[in-house]
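K.L.:
The structure's right below; bear with me while I get my questions together.
The values are calculated or read from the model by the stated rules, or taken from the named source; none is laboratory data. Just so we're clear, the structure is a prediction, and the values are computed from it rather than from any experiment. Neighbour counts run over all protein chains shown; Cβ positions are idealised from the backbone, glycine included.
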Amino acid sequence: MAWLNNGILRNGQIEVICGCMFSGKTEALITQIRRAQIARLRFQVFKPVVDTRYALDAVASHDRTEFPATNVKTAQEILHLVEPFTEVIGIDECQFFTNDIADVATALATSGRRVILAGLDTDWQGQPFGPMPQLLALADVIHKQYAICVVCGAPATRTQRIVGANGQFLLGSTESYEARCRKHFDPTFSERLKHSASRLAASNEAMAQDNSLATDAFGRPIGEFS
């Protein structure tokens, strides 16, 4: 339900800022929080504790733009940390939370607060990421951000993992990911790269084993005598 603040009846809402990596999601979130600050609205910013890439106590964009934030282990912690008269709440990297972030956002918006959430809408395989689909379905306002494809320069909507690794969660930046358009996105590249590295390692190990068993004309291991 709406709440009274300074005699003004406020209606809450959920806003979601989404897109691939390097699309400016955190920058857009910081911009909205700074606008709230200029408007003298009371605000709080939160981020998942697992995101330690650029700053421990701040949300930070890839170009190192930062804004102070509170780390939380779970989405439910946010409900306990929100102060009574907070009007605007920013939450970054929402894809790292469990699905109950949707319930938390709904509760905060129902209480009359403006809730701004930012996160990756798809993972490195191009699949919906964590709770983001549910947040997008609940949102009153959606801001879709676009990066630039590193291959062709077209608008990018996908996050390309460029290192060999499995698992949905792999913290990283430009050393591990690139922005790609749909045409140049390859969701199996990372797994193929990992398998190739494994095969190369196995081949090198086999060659080393063969060399250790090699003998000269007298049956002595090569390398034993000089």
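K.L.:
Do we have Q13 as touching a residue at least 40 places away in the same chain (Cβ under 8 Å) and surrounded by fewer than 18 Cβ atoms within 10 Å (Cβ to Cβ) here?
P.N.:
So Q13 passes the test.
K.L.:
Of the residues L79, L56, which is touching a strand residue (DSSP E or B) at 6+ places or on another chain (Cβ under 8 Å) and hydrophobic (A, V, I, L, M, F, W, C)?
P.N.:
Values: L79 fails: touching a strand residue (DSSP E or B) at 6+ places or on another chain (Cβ under 8 Å).
Of L79, L56, the one residue that is touching a strand residue (DSSP E or B) at 6+ places or on another chain (Cβ under 8 Å) and hydrophobic (A, V, I, L, M, F, W, C) is L56.
K.L.:
Restricted to region 24-77, and to residues that are closer than 22 Å to D103 by Cα, loosely packed, with under 15 Cβ neighbours inside 10 Å and among the aliphatic types (A, V, I, L, M), which residue is modelled with the highest pLDDT?
P.N.:
Residue satisfying both the conditions and the ranking: V49.
K.L.:
Right, here's the next one. Pick out the one residue from L120, L138 that is in contact (Cβ under 8 Å) with a residue 12 or more places away in the chain and out of contact with any Lys or Arg (no Cβ under 9 Å at 6 or more places or on another chain).
P.N.:
Numbers: L120 fails: out of contact with any Lys or Arg (no Cβ under 9 Å at 6 or more places or on another chain).
Result: L138 is the single residue among L120, L138 that is in contact (Cβ under 8 Å) with a residue 12 or more places away in the chain and out of contact with any Lys or Arg (no Cβ under 9 Å at 6 or more places or on another chain).
K.L.:
Which residue is modelled with the highest pLDDT, if the candidates are limited to region 171-195 and must be assigned to a loop (DSSP other than H, G, I, E, B) and of a type in the set (G, A, S)? Even if it seems obvious, please write down each step before you answer.
P.N.:
Just the residues of region 171-195 that are assigned to a loop (DSSP other than H, G, I, E, B), to begin with: 171-176, 181-188.
Subset that is of a type in the set (G, A, S): 172-173, 176.
Values: G172: 67, S173: 68, S176: 88.
Taking the candidates together, the pick is S176.
K.L.:
Report every pair of residues separated by at least 6 positions or lying on different chains whose Cβ atoms are under 8 Å apart, first residue within region 22-43 and of a type in the set (D, E), second modelled with pLDDT under 95 and surrounded by 18 or more Cβ atoms within 10 Å (Cβ to Cβ).
P.N.:
E27/S61
K.L.:
Out of everything in region 61-83 that is of a type outside the set (F, W, Y) and assigned to a strand (DSSP E or B), what residue ends up being nearest to E27 (Cα to Cα)? Walk me through how you get there before you give the answer.
P.N.:
To start, the set of residues in region 61-83 that are of a type outside the set (F, W, Y) comprises 61-66, 68-83.
Keeping just the survivors that are assigned to a strand (DSSP E or B) gives 66, 68, 70-72.
Details: E66: 9, P68: 13, T70: 17, N71: 18, V72: 20 Å.
So the residue we want is E66.
K.L.:
For region 80-99, what are the residues that are surrounded by 15 or more Cβ atoms within 10 Å (Cβ to Cβ) and without any contact (Cβ under 8 Å) to a residue 40 or more places away in the chain?
P.N.:
Within region 80-99, V82, Q95 qualify.
K.L.:
Residues of region 27-60 being under 15 Å from E93 (Cβ atoms), assigned to a loop (DSSP other than H, G, I, E, B) and of a type outside the set (D, E, K, R), which ones? Spell out the reasoning first.
P.N.:
Keep residues of region 27-60 that are under 15 Å from E93 (Cβ atoms), which gives 27-30, 33, 45-60.
Applying the additional criterion that residues be assigned to a loop (DSSP other than H, G, I, E, B) yields 49-57.
V49, V50, T52, Y54, A55, L56 - these are the residues of region 27-60 that are under 15 Å from E93 (Cβ atoms), assigned to a loop (DSSP other than H, G, I, E, B) and of a type outside the set (D, E, K, R).
K.L.:
While we're looking at this one, here's another question. Condition first: within 16 Å of the chain's Cα centre (by Cα), aromatic (F, W, Y), surrounded by 16 or more Cβ atoms within 10 Å (Cβ to Cβ) and under 20 Å from D51 (Cβ atoms). Can you find one or more residues in region 144-153 that meet it? Before the answer, list the steps.
P.N.:
Step one: filter region 144-153 for residues within 16 Å of the chain's Cα centre (by Cα), giving 144-147.
Subsequent filtering for residues that are aromatic (F, W, Y) retains 146.
Now restrict to residues that are surrounded by 16 or more Cβ atoms within 10 Å (Cβ to Cβ): 146.
Checking the rest, the ones that are also under 20 Å from D51 (Cβ atoms) come to none.
Within region 144-153 (the criterion being within 16 Å of the chain's Cα centre (by Cα), aromatic (F, W, Y), surrounded by 16 or more Cβ atoms within 10 Å (Cβ to Cβ) and under 20 Å from D51 (Cβ atoms)), the answer is no, since none of the residues qualifies.
K.L.:
Next up: Given the structure, is R199 modelled with pLDDT of 75 or more and among the basic types (K, R)? Steps first, please.
P.N.:
Values: modelled with pLDDT of 75 or more: no; among the basic types (K, R): yes.
Taking the combined requirement at face value, the residue does not satisfy it.
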